[in-house]
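To keep things clear, I will list the structure first and then write my remarks on it.
The values are calculated or read from the model by the stated rules, or taken from the named source; none is laboratory data. Remember, predicted model here, so these are calculated numbers, not experimental data. Ideal geometry is used to build each Cβ from the backbone, glycine not excepted, and the neighbour counts take in all protein chains shown. When the accessible area is computed, the model is the full protein with side chains, heavy atoms only, and any ligands, DNA or RNA have been set aside. Shrake-Rupley method; radii C 1.70, N 1.55, O 1.52, S 1.80 Å.
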Amino acid sequence: MGHQQQQEEENLTLLPTTTMSAAGAGAAGGRAFTVGLVAAWYASNIGVLLLNKFLLSTYGFRYPVFLTACHMSACAVLSYAAAAASSAPRTPPRSRGQLARVALLGAVFCASVVAGNVSLRYLPVSFNQAVGATTPFFTAVLAYAVAARREACATYAALVPVVAGVVIATGGEPSFHLFGFIMCVGATAARALKTVLQGILLSSEEEKLNSMDLLRYMAPVAVILLIPATLIMERDALSMVTVLVREDPSFIWILLCNSSLAYFVNLTNFLVTKHTSPLTLQVLGNAKGAVAVVVSILIFRNPVTFMGMLGYGITVTGVVLYGEAKKRSK
């Protein structure tokens, strides 16, 4: 009897320890999963950026519209394949009006990607990222212009270093190219416009779509727009691809890898957003841009100046302050 009572007491003593160990293992597994997601997000984002720069500038494949068509085709095919393989419920367009609004977003999204790829032909990745960091400025300006949505004074004040940093970086950029700069600013403004329009056009609870469903409907629209654009603007793109594949068979694999990464950028962004907090996402996003700058400088060896890096640092600081001001105003 005494032995049985002692055994029961030992079991009761061990039970909480076992439960805590299981909980600790679960938390560690969750942290490892999140770290893996962030690593995949960084790798896909930086990878597609560097491959775009390599193909359009270093490799000499000067067909940004065709390259964007490849990206959008991969996004369309892989999005529908993922949806078919998943058991998660899908959200189809509920009306022709919603479909038209998604098509408009697809056109703006397409324009932003094309302009961004064109800019990479002429600008180093480091300067491209510095200009791209001004997205909050364009978002605030367009939100006011399109939707008459005002921010707090502190939020607008935080945008001053965002713009000032780019002005300083532009003056200190040894590889500055005016057309590339205009395309980069256009790409940044188009990304901001898509964000603003998405908030207006798909604002009702019935019409809200998660980012992967939205991509699945936007990508085919982009392909439909890009195919005739490629045929008109880059008529010899397909013949050049054929020539390059004959000369260098690895080219087709680089192109396929680059196009697939474009889809995984969106997938990992969706998953990281889902599994982290908004604050964590903001910090990781700012750090990602800095990592991309450092990696690109190490790989492409483009010249940088103290003024250029100072300007980029001021811009990133402004973006952080903008995020904090937005959070406090809410």
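Computed over the chain, the per-residue total of -39500 (n - 2.57) for DSSP H runs of n ≥ 4 gives a 222 nm mean residue ellipticity of -29000 deg cm²/dmol, rounded to 500. Relative to its Kirkwood radius, the Cα radius of gyration of segment 274-330 gives an Rg/Rh of 1.08. Sorting the segments 66-78, 229-241 by their residues' average number of neighbouring beta-carbon atoms within 10 angstrom, most packed first, yields 66-78, 229-241.
Segment 202-223 and segment 298-329 have Cα centres spaced 31 Å apart. Roughly speaking, what is the centre-to-centre gap between segment 48-105 and segment 118-137 when only Cα atoms are used, to the nearest Å? Between the Cα centre of segment 48-105 and that of segment 118-137, the gap is 21 Å.
Here segment 138-289 was treated as a single set of alpha-carbon atoms; its pair distances binned every 5 Å from 0 give 2, 6, 8, 14, 18, 17, 15, 10, 6, 2, 1, 0 percent.
What's the lysine pair count for the chain at a Cα cut-off below 19 Å, pairs eight or more apart or interchain? Each step should come with its number before you reach the end.
Numbers: 53/288; 194/208; 208/274; 274/288; 274/327.
Close lysine pairs found across the chain: 5.
About its Cα centre, segment 196-330 has a charge dipole of approximately 520 debye under the convention of +1 per Lys or Arg Cβ and -1 per Asp or Glu Cβ, with nothing else charged. Accessible area per residue for the chain is 52 Å², calculated with a 1.4 Å probe on protein heavy atoms, without ligands, DNA or RNA. Taking the accessible area of the chain, probe 1.4 Å, and keeping the other protein chains in place, the carbon and sulfur fraction comes to 69%.
Legend: helices of the chain (whole DSSP H runs) are marked when their alpha-carbon atoms reach 27 angstrom or more along the helix axis and their mean Kyte-Doolittle hydropathy is at least -0.5; marked are 2-53, 64-85, 96-122, 153-171, 178-201, 211-233, 250-275, 278-300, 306-329. Just so you know, the Cα atoms of segment 96-182 work out to an Rg and Dmax of 15.7, 49 Å.
What does the convex hull of the Cα atoms of the chain come to per residue, in Å³, rounded to a whole number?
Residue-normalised Cα hull volume stands at 209 Å³.
Think of each Lys and Arg Cβ as +1 and each Asp and Glu Cβ as -1; about the Cα centre, that makes the dipole of the chain roughly 860 debye.
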